[in-house]
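In what follows, a single structure is set out as structure tokens and then discussed.
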Amino acid sequence: LDDITTDLQRNGSFYYISSSEKSWEEGRNDCRQKGTDLVIINSREEQDFIRGWKKRTWIGLTDEQTEGTWRWVDGTVLTTPRFWAESEPNNEGDEDCAEIKHYDSQNSWNDVPCNVGKYWICEISLKNYSK
Ligand code: 2F8
Ligand code: CA
């Protein structure tokens, strides 16, 4: 994909970070064209790795289906760990997609409108990477 500048391997997954900014859905489509999806953050270590890019990036988390119920792109409901920034998610206006915002803090997630442009990060588990 033209948009992918960096790929990194860590703990059984490959990650790709975009070089341009797109809406959540366009970013997700870009991942899916490559057989990946937006990143799902399962641990403190992965959170630290992702925010280490120091860019405002989309992650694979949305409450578009049911307001207030945050789901990862694999359909699982967000439980723990979770790394919302203080007083987020606040659904200010109508904010159904999650970004890494305050990347200098561990608690860095913010909900924003899905149609704004952000960088995005794709992840594929090496278990699913056979081609
Ligand atoms: O203060 C937190 C608040 O900051 C912005 O709104 C003023 C964010 N909006 C965008 O980035 C579009 C809110 O999501 C955030 O909660
Ligand atoms: Ca918000």
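For the range 47-61, the criterion of being more than 19 Å from S13 (Cβ to Cβ), touching a Ser or Thr at 6+ places or on another chain (Cβ under 7 Å) and within 14 Å of ligand 1 (Cβ to nearest atom) is met by no residue.
I need the full set of residues from the range 69-83 which are closer than 18 Å to S105 by Cβ and crowded, with 18+ Cβ neighbours inside 10 Å, in order please. Write out each step before concluding.
Restricting attention to the range 69-83, the residues satisfying the condition of being closer than 18 Å to S105 by Cβ are 80-83.
F83 - this is the single residue of the range 69-83 that is closer than 18 Å to S105 by Cβ and crowded, with 18+ Cβ neighbours inside 10 Å.
Look at the range 116-130 and say how many of its residues are over 23 Å from G12 (Cα atoms) and either part of a loop (DSSP other than H, G, I, E, B) or acidic (D, E) (or both). Qualifying residue count, the range 116-130: 2. The residue list I124, I100 contains one member that is at pLDDT below 95 and among the β-branched types (V, I, T), which is I124. Contact map, the range 83-106: first residue among the polar types (S, T, N, Q), second residue near ligand 2 (Cβ under 10 Å from one of its atoms), Cβ cut-off under 9 Å, separation 6 or more or different chains; pairs are N90/N110; N90/D111; N91/D111; S105/A85. In the range 97-131, the qualifying residues are those that are more than 16 Å from ligand 1 (Cβ to nearest atom) and in contact with a Phe, Trp or Tyr (Cβ under 9 Å, 6 or more places away or on another chain), and the one that is nearest to E45 (Cα to Cα) is Q106.
Where residues in the range 80-96 are more than 10 Å from ligand 1 (Cβ to nearest atom) and over 17 Å from D48 (Cα atoms), which of them is nearest to the chain's Cα centre (by Cα)? Restricting to residues being more than 10 Å from ligand 1 (Cβ to nearest atom) and over 17 Å from D48 (Cα atoms), the top hit is D96.
Here is a check on your reading of the model: is Y16 at pLDDT below 95, surrounded by 12 or more Cβ atoms within 10 Å (Cβ to Cβ) and on the phi < 0 side of the Ramachandran plot? First the steps, then the outcome.
Working: at pLDDT below 95: yes; surrounded by 12 or more Cβ atoms within 10 Å (Cβ to Cβ): yes; on the phi < 0 side of the Ramachandran plot: yes.
The answer is yes for Y16.
Going through (1) at pLDDT 95 or above; (2) surrounded by 10 or more Cβ atoms within 10 Å (Cβ to Cβ); (3) away from ligand 2 (no atom under 14 Å from the Cβ) one by one, W53 falls short only on (1).
How many residues are among the hydroxyl-bearing types (S, T, Y), more than 16 Å from Y119 (Cα to Cα) and in contact with a Lys or Arg (Cβ under 9 Å, 6 or more places away or on another chain) if we restrict to the range 34-61? Working first, answer last.
Keep residues of the range 34-61 that are among the hydroxyl-bearing types (S, T, Y), which gives 36, 43, 57.
Still in the list and also more than 16 Å from Y119 (Cα to Cα): 43.
Now restrict to residues that are in contact with a Lys or Arg (Cβ under 9 Å, 6 or more places away or on another chain): none.
Of the residues in the range 34-61, 0 are among the hydroxyl-bearing types (S, T, Y), more than 16 Å from Y119 (Cα to Cα) and in contact with a Lys or Arg (Cβ under 9 Å, 6 or more places away or on another chain).
Once the range 84-115 is narrowed to residues that are within 13 Å of G60 (Cα to Cα) and assigned to a loop (DSSP other than H, G, I, E, B), the residue that is nearest to ligand 2 (Cβ to nearest atom) is D96.
The values are calculated or read from the model by the stated rules, or taken from the named source; none is laboratory data. None of the values given here were measured: they were computed from a predicted structure. Virtual Cβ from ideal backbone geometry, glycine too; neighbours counted across all protein chains shown.
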